[in-house]
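Below: one structure, written as structure tokens.
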Amino acid sequence: MTKVRNQRRAAVEPLMADIAAIAAEGPIDRERLARISQRLQRLTGLQALFPVSEFPPPAPGSGKTSCRYLLYQDPRTGVTLYLNTIVAGKTTKPHNHGTWAVIVAIEGEELNRIYRRTDDGSDPGHAVLELEREYTVKPGAPIEFMPDDIHSIHVDQGPAVRHLHLYGQPLESLTGRLGFDLETGEVANYNKNYMRPTVGSDLG
């Protein structure tokens, strides 16, 4: 395990330094996000560095449908990399991230529904969303989000999903994230109401 962890760090740390350099060029826009996504995809071909034994999916019967593991956090910028493992049955409320985000797949498929907000935002407790498109994240097909982009995820069937999630700031620190109820239009704090805690760390 120590050998694999050292190999993983040897692959992750210089790549994250490269990504940090892109982020330091100026305000993050979709062009920079695409370049960051291209860099991050280099890790997806190194499946042996992310063994299921170290990053297991939720245990059967646990009632959980996902586990999130912390892989790397830049102490200067806050850019944070997680590995998410998801089993069938996982779905989320539409939500934003409050920071930029890139998701690339090691294995498995995850349906994303991307929404457009059509109200004027004058009522902070209510929103109207319109489905803009659907997109399946899978190996070779990443997705990128700006801070206010809204999406939901859905894994209805198939083997466990293992994806890398990169965020401009640690998810736990994003106290202003929003979750949206499609039926009622209610807007709620996403971290407080919907986000599960990170279950493991690769930093120790």
Can you find even one residue in region 192-201 that is closer than 25 Å to ASP18 by Cα and more than 13 Å from the chain's Cα centre (by Cα)?
-> yes
Go through region 136-145 residue by residue and tally those that are surrounded by 15 or more Cβ atoms within 10 Å (Cβ to Cβ) and either over 19 Å from ASN189 (Cβ atoms) or touching a Gly at 6+ places or on another chain (Cβ under 7 Å) (or both).
-> 6
A careful count of residues in region 9-29 that are within 19 Å of the chain's Cα centre (by Cα) and either within 29 Å of ALA160 (Cα to Cα) or not in a helix (DSSP H, G or I) (or both) gives 7
Just one of GLU144, GLU130 is touching a Ser or Thr at 6+ places or on another chain (Cβ under 6 Å) and without any contact (Cβ under 8 Å) to a residue 24 or more places away in the chain; which is it?
-> GLU130
Filter result for the condition that a residue is in a strand (DSSP E or B) and more than 14 Å from the chain's Cα centre (by Cα), over GLU144, GLU134 = GLU134
Out of region 147-172, which residues are out of contact with any Ser or Thr (no Cβ under 9 Å at 6 or more places or on another chain) and over 14 Å from ILE86 (Cβ atoms)?
-> ASP148, ASP149, ILE150
Collect the residues in region 78-118 that are open to solvent by less than 40 Å² (accessible area, probe 1.4 Å) and without any contact (Cβ under 8 Å) to a residue 60 or more places away in the chain, keeping them in residue-number order.
-> GLY108, GLU110, LEU111, ASN112, ILE114
Would you mention how many residues in region 36-53 are open to solvent by 80 Å² or more (accessible area, probe 1.4 Å) and assigned to a helix (DSSP H, G or I)?
-> 4
From PRO75, PRO56, PRO60, grab the single residue that is in contact (Cβ under 8 Å) with a residue 24 or more places away in the chain and open to solvent by 40 Å² or more (accessible area, probe 1.4 Å).
-> PRO56
Of all residues in region 16-35 being touching a Lys or Arg at 6+ places or on another chain (Cβ under 6 Å) and within 24 Å of ALA48 (Cα to Cα), which is most open to solvent (accessible area, probe 1.4 Å)?
-> ASP18
Residue that is nearest to GLY108 (Cα to Cα), among those in region 147-164 that are among the aliphatic types (A, V, I, L, M) and assigned to a strand (DSSP E or B) = VAL161
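The values are calculated or read from the model by the stated rules, or taken from the named source; none is laboratory data. Fair warning: this is a prediction, and the values are worked out from it, not measured in the lab. Heads up, the Cβs are rebuilt from the backbone with ideal geometry, glycines too, and the neighbour counts pull from every protein chain shown. With ligands, DNA and RNA removed, areas are computed over all heavy atoms of the protein, side chains included. Shrake-Rupley method; radii C 1.70, N 1.55, O 1.52, S 1.80 Å.
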